[in-house]
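Let me begin by presenting the structure, written as structure tokens, before commenting on it.
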Amino acid sequence: KIEGLHLDYRIDGLIGKALSFEAQQRYPDAMEFGKAIRVFQQDLTEGDGEAHISSAEGLVFQAMALAKQYATLEQAADTLESAIGVDPSLDQKYRPYVLRWRSGLML
């Protein structure tokens, strides 16, 4: 965090995923990172200046950002389950995160 600069937690999630230490948690390539940014921008423009996260990918980003703090771990699990509800193909990849977070374990 830079003094005086406050980033939206979803932007933090985008950047955090792009710079993740674990290769399997990063975007596979720059095209996917660009797509994630466009999804975020689209979510922002659909509301009155506030993001309305509706896409599964947007919910995943939101969940990952929430999971960085223990106090919002339960909310992160709920958000990730919402993403799985929107796109059931995410279940196999993200269900282990939900289970860890529900048991109180952070990433």
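Checked against the criterion of being crowded, with 17+ Cβ neighbours inside 10 Å, in contact (Cβ under 8 Å) with a residue 24 or more places away in the chain and part of a loop (DSSP other than H, G, I, E, B), the stretch 66-75 has at least one qualifying residue.
The set of residues from the stretch 82-106 being closer than 17 Å to T72 by Cα and outside any helix (DSSP H, G or I) comprises S103, G104, L105, M106.
When each of G58, G16 is tested for being buried (at least 20 other Cβ atoms within 10 Å of the Cβ), at pLDDT below 85 and within 11 Å of the chain's Cα centre (by Cα), the lone residue that passes is G58.
On the given criteria, is G34 out of contact with any strand residue (DSSP E or B) (no Cβ under 6 Å at 6 or more places or on another chain), modelled with pLDDT of 85 or more and loosely packed, with under 14 Cβ neighbours inside 10 Å? The answer is yes for G34.
Filtering the stretch 76-101 to residues that are open to solvent by 80 Å² or more (accessible area, probe 1.4 Å) and modelled with pLDDT of 90 or more leaves Q92, K93, L99, R100.
The values are calculated or read from the model by the stated rules, or taken from the named source; none is laboratory data. Computed from a predicted structure; not experimentally measured. With ideal geometry, Cβ positions are generated from the backbone for all residues, glycine too; neighbour counts draw on all protein chains shown. All accessible areas refer to the heavy atoms of the entire protein, side chains included, with ligands and DNA or RNA removed. Shrake-Rupley method; radii C 1.70, N 1.55, O 1.52, S 1.80 Å.
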